[in-house]
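Derivation of every value follows stated rules applied to the coordinates shown; laboratory data play no part. In this text, all values refer to a predicted model and were calculated from it rather than measured experimentally. Don't worry about glycine lacking a Cβ; one is built from the backbone with ideal geometry, like all the others, and counts go over all protein chains shown.
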Amino acid sequence: MVKRLVIRLGLGLLGLAALVGAWVAWQLNDRPGLEPYAAHWLPPAPALDASAAAAAPLRITFLGVATVLLDDGETPLLIDGFFTRPSMARVVFGRVAPDPDTIRRQLAKAGIQRLAAVITVHSHYDHAMDTPEVARQTGALVIGSASTANVARGAGLAEDRIRTVDDGARLQFGRWQVTVIGSRHLATGFTGGTIDEPLKPPVRATRYAEGGSYSLLLRNGARSLLVQGSAGFIQDKLQGQKADVVLLGVGALGKQDDRYLAQYWAEVVAQVGAKRVIPIHWDDFTLPLDEPLRPGPRLLDDFEHTMRFLLDAGRRERIDVKLAPAGVAVDPFAGL
Ligand SMILES: [Zn+2]
């Protein structure tokens with residue numbers, strides 16, 4: 001009698017687990033479309049010729065998550081450099097590691113040969129995991145927190161290729177002036193923690209602890225660009241800073257309430273007097289970069305909420321909101 005009850009209970013639990021698993025899998029495949037935003041994409045930058053290069057055009061190429069190539073025709077810089085994009089199953093149940101072949105292929109596709117630096121906004125795997133391999137393949141310096149430095153060391157990158165920075169650091173690469181400004185990660189289950197020893201992949205994705213988050217202010221001639229990798233902020237931290245364009249991290253932002261979104265907008269966009277906002281970190285980074293980018297699953301984010309808020313705020317405050325197509329060089333200042 002008891003035995004039969006236990007068997008029934010066991011079967012019932014198994015059935016329930018299978019149902020929950022199926023529901024989660026279905027939910028993770030439910031992603032909003034991009035069709036409603038057809039009018040909000042930046043056009044490809046015109047092909048560079050000698051006269052255009054002389055006018056020092058700045059181009060950016062969005063490559064998913066917070067990976068962005070910044071090029072002034074002379075000194076290419078890369079933010080983060082995350083290309084491996086392991087599957088959801090691997091991230092949740094397995095161990096992750098950079099895939100040098102995928103990285104090589106994606107760098108070639110983006111036209112990246114040499115880089116002066118790859119600058120990491122924080123040390124989560126979707127930002128810092130591939131950074132050292134990108135540096136190895138492009139000759140770049142790795143710039144990031146002490147945790148990012150340990151990601152680079154774990155990958156065997158030489159010490160003279162790693163530069164540890166913190167709040168207030170100023171760096172110069174060609175005409176680029178880069179200021180590192182301490183910031184905050186959006187509060188998630190994975191926020192906080194540091195990587196205190198060289199981290200040797202493959203490891204569980206959660207081993208890539210945040211290690212501090214940064215806003216990056218990049219100036220080049222009269223132009224200025226703020227890169228905000230995570231949708232967090234420190235109140236008044238950006239006071240007195242100016243940026244024409246903000247590359248605004250919106251990962252998981254859609255699950256926050258409007259009050260938080262308004263604060264984030266005020267602290268990061270309005271505060272610096274931005275004329276344009278380009279959302280980044282909106283894509284599902286468990287899908288490969290070979291496929292068209294798709295917004296994160298509704299279970300984990302609410303891209304439609306984010307876009308509704310940004311487009312409304314932009315309209316109200318006359319700040320242009322544009323998406324950057326993946327893998328296409330655009331002029332972020334076009335028409336400003
Ligand atoms: Zn993160």
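Taking the stretch 217-237 on its own, how many of its residues are farther than 23 Å from Gly254 by Cβ and either touching a Leu at 6+ places or on another chain (Cβ under 6 Å) or assigned to a strand (DSSP E or B) (or both)?
Residues meeting the conditions: 7.
Could you grab me the full set of residues in the stretch 297-336 that are in a loop (DSSP other than H, G, I, E, B) and within 18 Å of the chain's Cα centre (by Cα)?
Our first condition is that a residue be in a loop (DSSP other than H, G, I, E, B); within the stretch 297-336, this holds for 297-302, 318-319, 322, 324-325, 327-328, 331-336.
Hits for the stretch 297-336 are Pro297, Leu300, Asp301, Asp302, Lys322, Ala324, Pro325, Gly327, Val328, Pro332.
Run down Gly154, Gly212, Gly189, Gly232 and say which single residue is of a type outside the set (S, T, N, Q), in contact with a Lys or Arg (Cβ under 6 Å, 6 or more places away or on another chain) and within 13 Å of the ligand (Cβ to nearest atom). Give the steps one after another, and end with the answer.
Working: Gly154 fails: within 13 Å of the ligand (Cβ to nearest atom); Gly212 fails: in contact with a Lys or Arg (Cβ under 6 Å, 6 or more places away or on another chain); Gly189 fails: in contact with a Lys or Arg (Cβ under 6 Å, 6 or more places away or on another chain).
Result: Gly232 is the single residue among Gly154, Gly212, Gly189, Gly232 that is of a type outside the set (S, T, N, Q), in contact with a Lys or Arg (Cβ under 6 Å, 6 or more places away or on another chain) and within 13 Å of the ligand (Cβ to nearest atom).
Being touching a residue at least 24 places away in the same chain (Cβ under 8 Å) and over 17 Å from the mean Cα position of the chain (by Cα) narrows it down to one of Ala158, Ala146, so name that one.
Working: Ala158 fails: touching a residue at least 24 places away in the same chain (Cβ under 8 Å).
Every option except Ala146 fails the conditions.
Could you tell me which of the residues Val246, Val250 is within 14 Å of the ligand (Cβ to nearest atom), of a type outside the set (Gly, Ala, Ser) and farther than 24 Å from Glu133 by Cα?
Working: Val246 fails: within 14 Å of the ligand (Cβ to nearest atom).
The conditions single out Val250.
If a residue has to be within 15 Å of Ala274 (Cβ to Cβ) and more than 19 Å from the chain's Cα centre (by Cα) to count, how many in the stretch 209-221 make the cut? Outline the logic, then answer.
Step one: list which residues in the stretch 209-221 are within 15 Å of Ala274 (Cβ to Cβ), which gives 215-219.
Still in the list and also more than 19 Å from the chain's Cα centre (by Cα): 219.
The qualifying residues number 1.
Those residues that are assigned to a loop (DSSP other than H, G, I, E, B) and small (Gly, Ala, Ser), I need them from the stretch 194-216; list them, please.
Pass one, the stretch 194-216, residues assigned to a loop (DSSP other than H, G, I, E, B): 194-202, 204, 208-212.
Those that are assigned to a loop (DSSP other than H, G, I, E, B) and small (Gly, Ala, Ser): Ala209, Gly211, Gly212.
Restricting attention to the stretch 166-173, does a residue exist that is buried (at least 19 other Cβ atoms within 10 Å of the Cβ), assigned to a loop (DSSP other than H, G, I, E, B) and either away from the ligand (no atom under 16 Å from the Cβ) or among the charged types (D, E, K, R) (or both)?
no
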